[in-house]
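Report on the following structure.
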Amino acid sequence: MGIHSKILIIDFGSQYTQLIARKIRESKVYCEIYPFNTPLSKIKEYNANAIILSGGPSSVYDKSAPVISKDLFKLNIPFLGICYGMQIMAHLLGGEVKPAKNREYGHSKLEILHKSSLLKGCGKSSLVWMSHGDVIVKIPKGFKITAQTETCDTAAFEYPEKKFYGLQFHPEVVHTECGTNILNNFLFEIAGVKGDWKLEDFISDKVAEIKEKTGGAKAVCALSGGVDSTVAAAITDRAIGGNLKCIFVDNGLLRESEAESVMKYYKENLNLNVKLVNASALFLKELKGVTDPERKRKIIGRLFIEIFEKEAKKIKGVNFLVQGTLYPDVIESVKVFGASSVIKSHHNVGGLPKKLNLKLIEPLRELFKDEVRVIGKKLGIPEEIINRQPFPGPGLAIRIIGAVDKKNLDILKKADAIVAQEIKAAGLYDKIWQSFPVLVPVKTVGVMGDKRSYESVVALRAVTSVDGMTADFAKLDYDILRACSSRIISEIKGVNRVVYDITSKPPSTIEWE
Ligand code: XMP
């Protein structure tokens, strides 16, 4: 990759760590996140212009608290500690941290006490976002306090001669009024980096890197119709053209006419070398009578891998596998309180097993989703693919509650097309994280014409979300809901009732299965 400034974020398990990274990249500065227990040698090798220590849920004096080596501070580069990051800095450099009388969570008014390069341009007082249970009661030697809030005497401190800075509040969240300003001060004034991370350069750098890495060998790629695999394939295609062989497995669980339209697009617009494998019948056969969501996922995942493997083996001289892995999948998440339980075992085309024995090409592994979208646009991929709402690997199978069969699939495909049309017509498709129908094969009584009907229910699900981890139900206009409802009932045989799901995540999940 070209030479540019680099920031390193050390993660102590804060829910906001990725947000820090996003903010920094928005300022056109490249950064990566390493877990707190990364060896010092690897940190040195990264050669950062400056280091940011993230927040985290622990207390520095907990036995199991995440710690870093004190030697890190001898690197002679600027440091910014945020929340827990500030406390660990204080703790390691000779200060003292104690539990606060009251946990502080939410908005606070920050008052600046001394002129500071970090807080330049913030105004004498402004709102900041606090979330902490401990406070610094003694600052280390050489430091001075530069800002306070009503309940926190050490809201910001610094040792400018060494370029060490700390903030008890979170500059990365929108609720901190001058947060972006503070981060930019740290990057450009204090660390003196340049905003030279350009996504245009990224494409040409990656193309060169892939060319060199493959050295004339072939690569294989599983396309899903989604933005990640499409962009990954398009970049690789620029590098190795005819040596990239793509495989698109139609599992029959895709949206109406999706396989045809995506294939046409891959061939005609992107000029990709892609083979369509129609395996719909096999998937339906293996899913027959299966009602348990996890079993459905396992079957679909297994079949996909088997089919892909078989097809990949038919191509002679393949050494590489292209995957659309994104940065959030790569970051080793710091789990201070132990692993979280498996709620759904996700399957997608990124999950191909190591036993394929192919070397990986992952052109997007440094990028966040919105950066992939920008790159996709630069590569000339149309909005229709770029701005697609996420679609789960197991497809419509997890949107039919209970057993999947051809009849139910046909009903759901039609309902899905109607919902997509109505949401697009209302100009909401890009504003909503996901919007889709779920087929609930519970029969209820209705009246159509003068006749009694006894048919299935369709539930509409539409949510807003930033990352799919949490979500809120979309407050759709009644007119849009009515349009979906009346079209679904009048255009689809077998449905006589439409309901709207008004639960958020948590406690529900986005998909019903
Ligand atoms: P849930 O239902 O867990 O969904 O709230 C969160 C996000 O993940 C998608 N999803 C999946 N994606 N394979 C996937 O590739 C899966 O098995 C799967 N299950 C859920 C879901 O559509 C939402 O965007």
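What to note about this one:
- Within region 403-413, considering residues that are crowded, with 21+ Cβ neighbours inside 10 Å and closer than 13 Å to residue 440 by Cβ, the one farthest from the ligand (Cβ to nearest atom): 411
- Flag: residue 120 does not match the condition of being open to solvent by 10 Å² or more (accessible area, probe 1.4 Å), farther than 20 Å from residue 55 by Cα and over 34 Å from the mean Cα position of the chain (by Cα).
- Yes/no for residue 416 being under 27 Å from residue 329 (Cβ atoms), part of a helix (DSSP H, G or I), modelled with pLDDT of 95 or more and among the acidic types (Asp, Glu): yes
- Screening the candidates 92, 53 for the property of being open to solvent by 10 Å² or more (accessible area, probe 1.4 Å), at pLDDT 95 or above and of a type in the set (A, V, I, L, M, F, W, C) yields one hit, 92.
Each row is one residue, and each column tells you yes or no for (1) under 23 Å from residue 96 (Cα atoms); (2) without any contact (Cβ under 8 Å) to a residue 60 or more places away in the chain; (3) in contact with a His (Cβ under 8 Å, 6 or more places away or on another chain).
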residue: 10; (1), (2), (3): yes, no, no
residue: 15; (1), (2), (3): no, yes, no
residue: 24; (1), (2), (3): no, no, no
residue: 33; (1), (2), (3): no, no, no
residue: 42; (1), (2), (3): no, yes, no
residue: 48; (1), (2), (3): no, yes, no
residue: 51; (1), (2), (3): yes, yes, no
residue: 54; (1), (2), (3): yes, yes, no
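- Among the residues listed as 443, 424, 475, the single one being farther than 20 Å from residue 394 by Cβ and in contact (Cβ under 8 Å) with a residue 12 or more places away in the chain: 443
- Number of the condition not met by residue 453 [criteria: (1) more than 18 Å from residue 259 (Cβ to Cβ); (2) polar (S, T, N, Q); (3) within 16 Å of the ligand (Cβ to nearest atom); (4) open to solvent by less than 20 Å² (accessible area, probe 1.4 Å)]: (3)
- Selection within region 476-513 - among the charged types (D, E, K, R), within 30 Å of residue 329 (Cα to Cα) and open to solvent by 40 Å² or more (accessible area, probe 1.4 Å): 505
- Contacts under 9 angstrom Cβ, first residue in region 485-513 being closer than 30 Å to residue 451 by Cβ, partner among the hydroxyl-bearing types (Ser, Thr, Tyr) and within 12 Å of the ligand (Cβ to nearest atom), 6 or more apart: 501/508
- Enumeration of residues in region 465-482 that are under 17 Å from residue 431 (Cβ atoms), modelled with pLDDT of 95 or more and not charged (D, E, K, R): 473, 474, 476, 480, 481
- Tally, over region 57-68, of residues that are within 30 Å of the chain's Cα centre (by Cα) and open to solvent by 50 Å² or more (accessible area, probe 1.4 Å): 3
- Residue that is farthest from the ligand (Cβ to nearest atom), among those in region 385-402 that are within 16 Å of residue 419 (Cα to Cα) and either without any contact (Cβ under 8 Å) to a residue 60 or more places away in the chain or not in a helix (DSSP H, G or I) (or both): 400
- Considering only residues in region 161-200 that are among the polar types (S, T, N, Q), modelled with pLDDT of 95 or more and buried (at least 22 other Cβ atoms within 10 Å of the Cβ), the one that is nearest to residue 29 (Cα to Cα) turns out to be 185.
- Of all residues making up region 367-384, the number that are away from the ligand (no atom under 16 Å from the Cβ) and surrounded by 18 or more Cβ atoms within 10 Å (Cβ to Cβ): 5
- Any hit, region 136-151, residues being open to solvent by less than 50 Å² (accessible area, probe 1.4 Å), farther than 14 Å from residue 170 by Cα and of a type in the set (S, T, N, Q): yes
- Residue within region 241-264 that is of a type in the set (Gly, Ala, Ser), free of Cβ contacts under 8 Å to residues at least 24 places away in the same chain and open to solvent by 50 Å² or more (accessible area, probe 1.4 Å) present: yes
- Residues located in region 420-434, provided they are in contact with a helix residue (DSSP H, G or I) (Cβ under 7 Å, 6 or more places away or on another chain) and either surrounded by fewer than 22 Cβ atoms within 10 Å (Cβ to Cβ) or within 25 Å of residue 301 (Cβ to Cβ) (or both): 426, 429, 432
Residue-by-condition table, conditions (1) assigned to a helix (DSSP H, G or I); (2) more than 15 Å from the ligand (Cβ to nearest atom); (3) over 23 Å from residue 292 (Cα atoms):
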| residue | (1), (2), (3) |
| --- | --- |
| 423 | yes, yes, yes |
| 428 | no, yes, yes |
| 443 | no, yes, no |
| 468 | no, no, no |
| 479 | yes, yes, yes |
| 487 | yes, yes, yes |
| 498 | no, yes, yes |
| 508 | no, no, no |
| 511 | no, no, no |
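The values are calculated or read from the model by the stated rules, or taken from the named source; none is laboratory data. Fair warning: this is a prediction, and the values are worked out from it, not measured in the lab. All Cβ positions, even for glycine, are placed from backbone atoms using ideal geometry, and neighbour counts span all protein chains on display. For the accessible areas, the whole protein counts, side chains as well, though only heavy atoms, and no ligand, DNA or RNA atoms are used. Shrake-Rupley method; radii C 1.70, N 1.55, O 1.52, S 1.80 Å.
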